[in-house]
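All remarks here apply to the structure that follows.
The values are calculated or read from the model by the stated rules, or taken from the named source; none is laboratory data. Small disclaimer: the values here were computed from a predicted structure and weren't measured. So basically every Cβ, Gly included, is an ideal-geometry build from the backbone, and we count neighbours across all protein chains shown.
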2 protein chains.
Amino acid sequence: MFAVTILGNNSALPMHDRHPTSQVLNLDDQTFLIDCGEGTQVQMNRYKIRRSRITNIFISHLHGDHYFGLFGLLNSLSLTNRTEQLNLFAPAPLESILMDVFRVADTNLSYPLVFHTLKEEGMIWEGSKMTVSCFKVFHRIECWGFLFREKEKLRKVDLEQTKQFQIPSAFFPKLKEGQDYTRPNGEVVKNEWVTRPAPHARSYAYCADTRYEPSLCDIISKVDLVYHESTYLQDQAEKAGMRFHSTAAQAAAIAQQAGVKRLLLGHFSSKYTDLDPFFQEACAVFPASELAIEGTTYIVG
Amino acid sequence: MFAVTILGNNSALPMHDRHPTSQVLNLDDQTFLIDCGEGTQVQMNRYKIRRSRITNIFISHLHGDHYFGLFGLLNSLSLTNRTEQLNLFAPAPLESILMDVFRVADTNLSYPLVFHTLKEEGMIWEGSKMTVSCFKVFHRIECWGFLFREKEKLRKVDLEQTKQFQIPSAFFPKLKEGQDYTRPNGEVVKNEWVTRPAPHARSYAYCADTRYEPSLCDIISKVDLVYHESTYLQDQAEKAGMRFHSTAAQAAAIAQQAGVKRLLLGHFSSKYTDLDPFFQEACAVFPASELAIEGTTYIVG
């Protein structure tokens, strides 16, 4: 399964039982945390997310509603005797703040916390099944988006057909890579006769906090699911621009121009109690829009 | 009204729907916050505490479960355009951590935040009705308790009696201070004939995180209500000592020796789901013991 679970969908401060930004991305047995607003560890308890499973944490920027929950989470992982390495990807200044917080508490974490400074756009993490890249978004301070992309998969071998063409199983790895097979008599068996296309490599883009910025469309082009902030409704477009935030319609326009499959809207201003207008305004521009609702899991792909 | 409301009664990390330490002290229209674990602002929403009313915040020590909620709270006060000065009393290293957190977010608070470093025992704040003193408690790192003491009040003038003795109202302020009145003919009217004793000046002591330490008894002697941590039950007394924490029975022994009126127990370890044994063990030593329950308000005096 490749899916994202929303832990917080509110901007700035907790209100209306909505919480500041945090999301959990799962790919099979791997758990990635994206941003970590205050109360994230409590939200994890509420939605039965096992914090011990987290291997990598990505912090988009250093506005508090995106990382004030990190202090408590890192601390709790130590209090519950985690030993596995934890990778933290974040803007540079966070490292010394964390070190200070642990130093004054005389805390030695029970696990290795490896800090990876976000410096330039490109791949920042690679696993067996997925890569993570970061890209710049356009906010009031240094701010990063993250692109989670499954690696290209191998073609599927059709066992029935390989039998018919008498292809030895030792050659299957090459078939999976798309190679043709040449029989001992020189006859060529075309790859597509004995394999099926590789499954689609799925992708999720997290656009963090950003003003409306069409140049993002290239980066997130054709992803399966994009999260784009929509702090305001369209009648507040001017305020959105001034504050380096977006409206629901602007998020939808980005999704539309980037040719993505689905759009997830979040980071709603506390001034709104009713979120339905966000859904309406976005769908008018890009019908495959959804609201990021806390506790809800959205399948990628 | 002089009362304390519990926002968090758990130690170390949020668990069992209990939250890290935070308390609100109210004296008439003044609101004081004592410690500020993660989620304090959410607990304030839950229990209808108006955060705009807070004038002074006291942080006992820099273990995260006592201050990780401060970042979000201070930020939210700014986002909601507070303009009144806010006083923060805390160990020295917190100041630069806070400054760093606001600097990297490019945040200019909307209100003056005045940092008061806790340096030595004694009075740290004085208002028209109350003084606040800090005192050292015995924890793994620098840690402070706080004593909130109403100022001595004036005697009450008995109007009926003053009429009878023909005392002019201009002399009432001196009567309130306890002076006798000398009539024009030289006759002395004893103060106690025309006044009633001053109401009791109430007091609350917050002992933060501390190991069992009888020397605290002098400082908190005879207060109306003392909060003393009780992280563990008595069968964990050895662990409690090693970790600079106390058991319920130890907290009760302090209350007993200090001759206080009532004891409030809190900072319960997450290993306990049932808190009743804390109550039982404390009451066996000091019957006027109570559990600090979140959302509950305890009258001082």
Practice problem: With respect to B:Glu177, determine if the residue is out of contact with any Ser or Thr (no Cβ under 7 Å at 6 or more places or on another chain), in the same structural domain as B:Ala12 (by TED's automatic domain parsing) and surrounded by fewer than 13 Cβ atoms within 10 Å (Cβ to Cβ). | Solution: no
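What residue, among those in region B:7-39 that are outside any strand (DSSP E or B) and out of contact with any Asp or Glu (no Cβ under 9 Å at 6 or more places or on another chain), is surrounded by the most Cβ atoms within 10 Å (Cβ to Cβ)?
Quick first cut of region B:7-39, residues outside any strand (DSSP E or B) only: B:9, B:11-14, B:16-17, B:19, B:21, B:28-29, B:37-39.
Still in the list and also out of contact with any Asp or Glu (no Cβ under 9 Å at 6 or more places or on another chain): B:16, B:28-29.
Numbers: B:His16: 13, B:Asp28: 10, B:Asp29: 8.
That would be B:His16.
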Exercise. Considering each residue of region A:212-232, count those that are touching a residue at least 40 places away in the same chain (Cβ under 8 Å), surrounded by fewer than 19 Cβ atoms within 10 Å (Cβ to Cβ) and in a loop (DSSP other than H, G, I, E, B), and give that number.
Key: 2
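Can you confirm whether B:Ile97 is assigned by TED's automatic domain parsing to the domain that holds B:Cys207, in a strand (DSSP E or B) and under 26 Å from A:Ser11 (Cα atoms)?
Details: assigned by TED's automatic domain parsing to the domain that holds B:Cys207: yes; in a strand (DSSP E or B): no; under 26 Å from A:Ser11 (Cα atoms): yes.
For B:Ile97, the condition - assigned by TED's automatic domain parsing to the domain that holds B:Cys207, in a strand (DSSP E or B) and under 26 Å from A:Ser11 (Cα atoms) - is not met.
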Quiz prompt | Scan of region B:51-73 for residues that are modelled with pLDDT of 95 or more, over 21 Å from A:Asp100 (Cβ atoms) and in contact with a helix residue (DSSP H, G or I) (Cβ under 9 Å, 6 or more places away or on another chain), ordered by number | solution = B:Ile54
Quiz item: Would a scan of region A:36-49 turn up a residue that is under 12 Å from the mean Cα position of the chain (by Cα) and within 18 Å of A:Asn75 (Cα to Cα)?
Solution: no
Quiz item: From the set of residues in region B:50-80 that are away from every other protein chain (no Cβ under 11 Å) and free of Cβ contacts under 8 Å to residues at least 60 places away in the same chain, which is surrounded by the fewest Cβ atoms within 10 Å (Cβ to Cβ)?
Solution: B:Arg50
Quiz prompt | Single residue of region A:100-114 satisfying the filter (outside any helix (DSSP H, G or I) and facing another protein chain (nearest Cβ under 9 Å)) that is surrounded by the fewest Cβ atoms within 10 Å (Cβ to Cβ) | solution = A:Asp106
Quiz item: So how many residues does region B:81-94 have that are touching a strand residue (DSSP E or B) at 6+ places or on another chain (Cβ under 9 Å), surrounded by fewer than 19 Cβ atoms within 10 Å (Cβ to Cβ) and within 11 Å of chain A (Cβ to nearest Cβ)?
Solution: 1
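If I go through region B:55-107 residue by residue, how many of them are charged (D, E, K, R) and within 17 Å of the chain's Cα centre (by Cα)?
Kept after step one, since they are charged (D, E, K, R), are these residues of region B:55-107: B:65, B:82, B:84, B:95, B:100, B:103, B:106.
If we keep only those that are within 17 Å of the chain's Cα centre (by Cα) as well, we get none.
Within region B:55-107, residues that are charged (D, E, K, R) and within 17 Å of the chain's Cα centre (by Cα) number 0.
Name the residue, out of A:Glu142, A:Glu152, A:Glu160, that is in a loop (DSSP other than H, G, I, E, B), charged (D, E, K, R) and loosely packed, with under 15 Cβ neighbours inside 10 Å. Full working, then the answer.
Details: A:Glu142 fails: loosely packed, with under 15 Cβ neighbours inside 10 Å; A:Glu160 fails: in a loop (DSSP other than H, G, I, E, B).
Result of the check over A:Glu142, A:Glu152, A:Glu160: A:Glu152.
Per-residue answers, yes or no, for (1) surrounded by fewer than 18 Cβ atoms within 10 Å (Cβ to Cβ); (2) part of a helix (DSSP H, G or I); (3) out of contact with any Leu (no Cβ under 7 Å at 6 or more places or on another chain):
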| position | (1), (2), (3) |
| --- | --- |
| A:Tyr204 | no, no, no |
| A:Asp235 | yes, yes, yes |
| A:Gly241 | yes, yes, yes |
| A:Ala251 | no, yes, no |
| A:Leu265 | no, no, no |
| A:Gln280 | yes, yes, yes |
| A:Ala284 | yes, yes, yes |
Quiz item: Among (1) under 30 Å from B:Ser11 (Cα atoms); (2) not in a helix (DSSP H, G or I), where does A:Ser128 come up short?
Solution: (1)
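Condition check: away from every other protein chain (no Cβ under 13 Å), in a loop (DSSP other than H, G, I, E, B), among the basic types (Lys, Arg) and over 21 Å from B:Ala292 (Cα atoms). Does B:Lys119 satisfy that?
On the way: away from every other protein chain (no Cβ under 13 Å): yes; in a loop (DSSP other than H, G, I, E, B): yes; among the basic types (Lys, Arg): yes; over 21 Å from B:Ala292 (Cα atoms): yes.
Taking the combined requirement at face value, the residue satisfies it.
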Quiz item: Within region A:40-49, can you find the residues that are away from every other protein chain (no Cβ under 11 Å) and either in a strand (DSSP E or B) or touching a residue at least 40 places away in the same chain (Cβ under 8 Å) (or both)?
Solution: A:Tyr47, A:Ile49
